[in-house]
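Asks: Sharing a structure here in structure tokens format.
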Amino acid sequence: MKRWTAGVLLALACGAQAQAQAQTLRWASQGDPQTMDPHSQNESLTNVVNGQIYERLTSRNAKLGLVPGLAAEWTQTGPLTWRFKLRPGVKFHDGTPLTADDVVFSIQRAKAPTSLIALYANAVGTPRRIDDLTVEFQLASFNPIFLQHIDQLWIMSRKWCEAHRVTQPLDFKNKEESFAAIHANGTGPYMLVSRQAGIKTVLKRNPAWWGKFEGNVQDVVFTPIASDPTRLAALISGEVDFVLDPAPRDITRLRNTAGVKIIDGPENRLVFIGMDQSRDKLLYGNVPGDKNPFKDVRVRRALYQAIDIEAVKTKLMSGLSVPTGGLTPSSSASFDDPALQTRLPHDLAAARQLMAEAGYANGFEVTLDCPNNRYINDEEICSALAAMWAQLKIKVRVNAMPRVLYFPKLEKYDTSLYLYGWGGAVTDAEAILTPLYRTRGDKGVGNYNFGGFRNDRADALAAQSSVEPDAKKREAQIRGALAELREQVNVIPLHRQVIPWVARANVTAVHRPDNWLEVAWVQISR
């Protein structure tokens with residue numbers, strides 16, 4: 001017998017009423033968008049939902065190639081300057097015309113301290129209005145992936161933000177509320193109708209969109225359903241049309257279930273373990289001598305070598321993961337080099353020896369923070385790791401929580417040991433080196449280095465690669481930085497996710513490696 005929460009019942013009831021209306025996509029996932037403010041958070045599901053409403057100067061095709069978005073064309077007019085021509089006639093959902101002023105405003109807004117995309121906004125330099133439909137970007141130094149950074153920046157209406165007092169991004173980690181948290185005004189193919197956090201988000205087609213709809217979806221009802229069995233039952237019964245994140249254990253059965261189909265492919269996402277390497281004493285642990293064991297590379301290496309990653313792949317992930325020793329979301333970012341991809345061997349005896357050499361033969365206690373509705377089998381992975389590390393006499397308490405609580409906790413650096421993932425459309429190593437592996441600094445550098453580690457050699461090489469115009473020199477710098485990070489085991493890589501989607505048989509969707517559902521491409525036959 002199925003058990004439903006009141007919120008899920010209400011949302012699905014509304015979805016059932018909408019079923020009679022042709023071309024309504026009823027979509028479910030284990031989590032919920034964190035906010036409708038597109039500059040506040042940088043989290044995959046949040047970006048996907050906001051990305052139906054807001055747009056960028058550039059866009060992506062099905063193969064992740066860059067194509068024109070709000071900008072019809074662009075040119076690099078010099079080593080440090082880029083010029084963009086906006087599409088004429090584009091309007092925000094409230095009817096206000098898009099102009100260069102909105103672009104300049106949006107880039108500056110995204111640079112604010114409360115923005116988690118500040119790194120990208122700072123990387124594109126200073127925007128300047130040339131005329132109503134022309135914007136020029138002036139860089140302080142060469143940016144080898146300038147267009148990739150531009151493609152991370154959502155464009156908002158300056159007038160709308162000023163009218164509703166949201167000229168700064170929402171401070172999500174400190175639980176700020178603002179008009180932009182539950183309202184939106186973009187230029188994209190869909191318009192926000194209503195937002196009930198944790199219950200339902202409703203969108204409708206924008207009849208004035210400048211682009212071309214490849215699909216036929218008129219309305220979207222997004223419902224977060226945390227329980228894997230409940231989410232699956234809703235799909236099989238026809239109460240939802242599409243599930244972004246079915247449980248891996250169900251995939252084989254779903255492939256043989258009438259009325260549904262699997263849409264799958266690899267994802268550009270690395271899942272890894274981070275450790276507090278900055279404090280002298282762990283916030284959440286009990287360690288002999290009140291020390292921080294994660295400051296010792298021998299302990300970090302011991303944790304790594306105690307992980308039976310093949311058991312995780314077969315028993316937890318049902319084969320839907322690619323174990324790796326690489327430190328980038330895509331292997332191409334590290335040049336598909338086996339020397340930068342091979343894992344340290346699973347060797348329990350070696351791990352115990354390292355623990356003894358570091359003075360922790362009898363282990364210690366620590367809390368492992370973990371989301372329970374973000375990555376595939378995230379809480380289960382943490383529990384499996386806790387069991388594996390118990391063989392080193394490390395007593396691990398798994399502290400699992402929803403993403404809405406988890407990410408603000410990490411953003412406050414309030415952790416000793418944590419599970420995290422990173423990925424997206426950008427396959428260049430810069431996409432992870434600067435935000436995650438650099439020493440924390442200003443302008444967003446190291447913002448996601450929640451373990452607070454310092455690796456001065458890797459940091460210097462990564463910094464050089466961020467501004468190096470010579471491709472061969474840059475490759476050497478990236479290789480050097482990744483090799484140094486691997487040697488010091490500053491993070492413990494686990495695997496790259498393989499993402500299956502599941503849909504009703506009458507739904508056609510395009511699977512992208514950044515796990516992005518483009519609703520404007522979805523076709524529903526009734």
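The values are calculated or read from the model by the stated rules, or taken from the named source; none is laboratory data. Here the structure is a predicted model, which is why all the values come from computation and not from measurement. Cβ atoms come from the backbone with ideal geometry, glycine included; neighbour counts cover every protein chain shown. Each accessible area value is taken on the protein alone, full model and side chains, heavy atoms only, with ligands, DNA and RNA left out. Shrake-Rupley method; radii C 1.70, N 1.55, O 1.52, S 1.80 Å.
Asks: Cβ contacts < 9 Å: first residue at positive phi and touching a residue at least 24 places away in the same chain (Cβ under 8 Å), restricted to segment 387-407; second residue of a type in the set (Lys, Arg) and outside any strand (DSSP E or B), any location; separation 6+ or different chain. Result?
Replies: So the pair list comes out as Lys393/Arg352.
Asks: Here's another thing I want to ask about it. When only residues in segment 498-517 that are more than 16 Å from the chain's Cα centre (by Cα) and assigned to a strand (DSSP E or B) count, which is surrounded by the most Cβ atoms within 10 Å (Cβ to Cβ)?
Replies: By that ranking, first place goes to Val502.
Asks: Something else: Checking Gln391 against (1) under 24 Å from Phe453 (Cβ atoms); (2) modelled with pLDDT of 95 or more, which test does it fail?
Replies: (1) is the only condition that Gln391 fails.
Asks: Say we look at segment 464-482 and pick out the residues that are part of a helix (DSSP H, G or I) and charged (D, E, K, R); which of these is most open to solvent (accessible area, probe 1.4 Å)? Spell out how you get there, then give the answer.
Replies: The first filter runs over segment 464-482 and keeps only residues part of a helix (DSSP H, G or I), leaving 464-465, 471-482.
This time we only want the ones that are charged (D, E, K, R), so: 472-475, 479.
Values: Lys472: 172, Lys473: 121, Arg474: 26, Glu475: 65, Arg479: 74 Å².
Checked segment 464-482; the qualifying residue most open to solvent (accessible area, probe 1.4 Å) is Lys472.
Asks: Next up: I need the full set of residues from segment 420-463 which are open to solvent by 10 Å² or more (accessible area, probe 1.4 Å), of a type in the set (Val, Ile, Thr), under 29 Å from Lys63 (Cα atoms) and more than 14 Å from the chain's Cα centre (by Cα), in order please.
Replies: Across segment 420-463, the qualifying residue is only Val445.
Asks: Here's another thing I want to ask about it. Tell me whether segment 483-497 contains one or more residues that are surrounded by fewer than 18 Cβ atoms within 10 Å (Cβ to Cβ) and basic (Lys, Arg).
Replies: Within segment 483-497 (the criterion being surrounded by fewer than 18 Cβ atoms within 10 Å (Cβ to Cβ) and basic (Lys, Arg)), the answer is no, since none of the residues qualifies.
Asks: Would you mention how many residues in segment 210-232 are at pLDDT 95 or above and assigned to a loop (DSSP other than H, G, I, E, B)?
Replies: The total comes to 10.
Asks: Filter segment 66-85 for residues that are over 18 Å from Lys212 (Cβ atoms) and surrounded by 12 or more Cβ atoms within 10 Å (Cβ to Cβ) and give the result.
Replies: Trp74, Gln76, Leu80, Thr81, Trp82, Arg83, Phe84, Lys85
Asks: Please give the number of the condition Arg128 fails out of (1) exposed (fewer than 14 other Cβ atoms within 10 Å of the Cβ); (2) in contact with a strand residue (DSSP E or B) (Cβ under 7 Å, 6 or more places away or on another chain).
Replies: (1)
Asks: Restricting to segment 329-370, what's the tally of residues that are surrounded by fewer than 22 Cβ atoms within 10 Å (Cβ to Cβ), of a type in the set (Gly, Ala, Ser) and within 14 Å of Val489 (Cβ to Cβ)?
Replies: Final tally of qualifying residues: 2.
Asks: OK, next. Taking segment 52-65 on its own, how many of its residues are open to solvent by 10 Å² or more (accessible area, probe 1.4 Å) and within 20 Å of Val202 (Cβ to Cβ)?
Replies: 1
Asks: Name, by its number, the condition in (1) on the phi > 0 side of the Ramachandran plot; (2) modelled with pLDDT of 95 or more that does not hold for Tyr418.
Replies: Among (1) on the phi > 0 side of the Ramachandran plot; (2) modelled with pLDDT of 95 or more, Tyr418 violates only (1).
Asks: Filter segment 489-509 down to the residues that are modelled with pLDDT of 95 or more and β-branched (Val, Ile, Thr) and list them by number.
Replies: Residues satisfying the conditions are Val489, Val491, Ile492, Val502, Val507, Thr508.
Asks: Just need a number here: residues in segment 336-366 that are within 14 Å of Lys393 (Cα to Cα), outside any loop (DSSP other than H, G, I, E, B) and in contact (Cβ under 8 Å) with a residue 60 or more places away in the chain.
Replies: Within segment 336-366, residues that are within 14 Å of Lys393 (Cα to Cα), outside any loop (DSSP other than H, G, I, E, B) and in contact (Cβ under 8 Å) with a residue 60 or more places away in the chain number 2.
Asks: Specify which of the listed residues (Pro207, Pro169) is open to solvent by 40 Å² or more (accessible area, probe 1.4 Å) and part of a loop (DSSP other than H, G, I, E, B).
Replies: Values: Pro169 fails: open to solvent by 40 Å² or more (accessible area, probe 1.4 Å).
That would be Pro207, the only listed residue that is open to solvent by 40 Å² or more (accessible area, probe 1.4 Å) and part of a loop (DSSP other than H, G, I, E, B).
Asks: Being of a type in the set (Val, Ile, Thr) and either in contact with a Gly (Cβ under 7 Å, 6 or more places away or on another chain) or free of Cβ contacts under 8 Å to residues at least 60 places away in the same chain (or both) is the filter here; which residues of segment 290-335 pass it? Before you say what the answer is, go through the steps one by one.
Replies: Kept after step one, since they are of a type in the set (Val, Ile, Thr), are these residues of segment 290-335: 297, 299, 307, 309, 312, 314, 322, 324, 328.
Thr314, the sole residue that qualifies.
Asks: Here is a further query. What is the number of the single condition among (1) at pLDDT 95 or above; (2) surrounded by fewer than 21 Cβ atoms within 10 Å (Cβ to Cβ); (3) not aromatic (Phe, Trp, Tyr) that Lys175 does not meet?
Replies: Here Lys175 clears every test but (1).
Asks: Now a separate question. Name the one entry in Ser106, Ser115 that is at pLDDT 95 or above, hydroxyl-bearing (Ser, Thr, Tyr) and not in a loop (DSSP other than H, G, I, E, B). First the steps, then the outcome.
Replies: Working: Ser115 fails: not in a loop (DSSP other than H, G, I, E, B).
Criteria check complete, one pass: Ser106.
Asks: Here's something else I'd like to know. List the pairs whose first member sits in segment 233-260 and is assigned to a helix (DSSP H, G or I) and at pLDDT 95 or above, whose second member is of a type outside the set (Gly, Ala, Ser) and open to solvent by less than 60 Å² (accessible area, probe 1.4 Å), and whose Cβ atoms are under 6 Å apart, counting only residues at least 6 apart or on separate chains?
Replies: Ala234/Val240; Leu235/Val243
Asks: Can I ask one more? When you look at Asn286, is it buried (at least 18 other Cβ atoms within 10 Å of the Cβ), farther than 30 Å from Pro323 by Cα, among the polar types (S, T, N, Q) and touching a residue at least 60 places away in the same chain (Cβ under 8 Å), yes or no? Break it down stepwise before answering.
Replies: On the way: buried (at least 18 other Cβ atoms within 10 Å of the Cβ): no; farther than 30 Å from Pro323 by Cα: yes; among the polar types (S, T, N, Q): yes; touching a residue at least 60 places away in the same chain (Cβ under 8 Å): yes.
No.
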